[in-house]
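One structure is given below, encoded as structure tokens.
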Amino acid sequence: MSARDPHGDVAATESAADVDPAVVASIDLQHVTVTRQAHGLRVVVRLKEVLPSRGRFIQQIGIAAMAPGWAGASWVFFVSVTPQHLGGALAFFVEVEDDGEPEPCRVDAAKGSQVVRLTIPDRCLPEDRGHLSVSSILLDKRSSDPLLAEDDLEIRGNLDLTPRG
């Protein structure tokens, strides 16, 4: 599965008024590819630019999937990664009726100058098809109101997330 996002559709907050426009635009989602692999799901997210690890600003990418249906989701799946700290990449699978705490699942992550690559192990994936969305946000580490901008991509249809094996 592959999806493109319109260029230049980043929504900036008022807090971003004094931030270099190139930094704000860095989170502009360009393209997302989801590929089934032997033991997991590979997700490649292309941004306008991946910012350096050191600095005032951080980017976060979120991937969410929900069970299909109009009456409310029975489960939610979420992956979060900060390209400036790849070691914190985690996935969570939550069943709505479950009262327990969701167990985080470690996700392999790598980055390039414009891409973030994630490999999500089968054991972390929901056992159903789901509606997928991808978001990127820009945060200011030194601000009491850290959200500066965001970009979202809704992927049409339901994607097969079912683990193989």
Q) Quick one: how many residues across region 103-151 are modelled with pLDDT under 90 and in a loop (DSSP other than H, G, I, E, B)? A) 9
Q. So which residues in region 8-58 are polar (S, T, N, Q) and assigned to a loop (DSSP other than H, G, I, E, B), if there are any at all?
A. 13, 26, 53
Q. So is residue 6 free of Cβ contacts under 8 Å to residues at least 12 places away in the same chain, farther than 24 Å from residue 142 by Cα and out of contact with any Cys (no Cβ under 9 Å at 6 or more places or on another chain) or not?
A. yes
Q. For the subset of region 99-120 comprising residues that are crowded, with 16+ Cβ neighbours inside 10 Å and among the basic types (Lys, Arg), which member is nearest to residue 25 (Cα to Cα)?
A. 111
Q: Of the numbered conditions (1) over 25 Å from residue 9 (Cα atoms); (2) touching a strand residue (DSSP E or B) at 6+ places or on another chain (Cβ under 8 Å); (3) modelled with pLDDT under 85, residue 158 fails exactly one; give the number of that condition.
A: (1)
Q: Hey, can you tell me all the residues within region 35-60 that are farther than 17 Å from residue 125 by Cβ and β-branched (Val, Ile, Thr)?
A: 45, 50, 58
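Just checking, which of 132, 125, 138 is within 19 Å of residue 58 (Cα to Cα) and surrounded by 15 or more Cβ atoms within 10 Å (Cβ to Cβ)?
From the options 132, 125, 138, the qualifying one is 138.
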Q: Could you grab me the full set of residues in region 8-50 that are surrounded by fewer than 19 Cβ atoms within 10 Å (Cβ to Cβ), closer than 15 Å to residue 134 by Cβ and not small (Gly, Ala, Ser)?
A: 9, 30, 31, 33, 35, 42, 44, 46, 48
Q) Which of (1) modelled with pLDDT under 85; (2) aliphatic (A, V, I, L, M); (3) closer than 17 Å to residue 42 by Cα is the odd one out, the single condition residue 63 does not satisfy? A) (1)
Q: Provide a single number: the residues in region 90-147 that are in contact with a helix residue (DSSP H, G or I) (Cβ under 8 Å, 6 or more places away or on another chain) and aliphatic (A, V, I, L, M).
A: 4
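The values are calculated or read from the model by the stated rules, or taken from the named source; none is laboratory data. Quantities reported herein were computed from a predicted structural model and do not represent experimental measurements. Backbone-built Cβ (ideal geometry, glycine too); neighbour counts: all protein chains shown.
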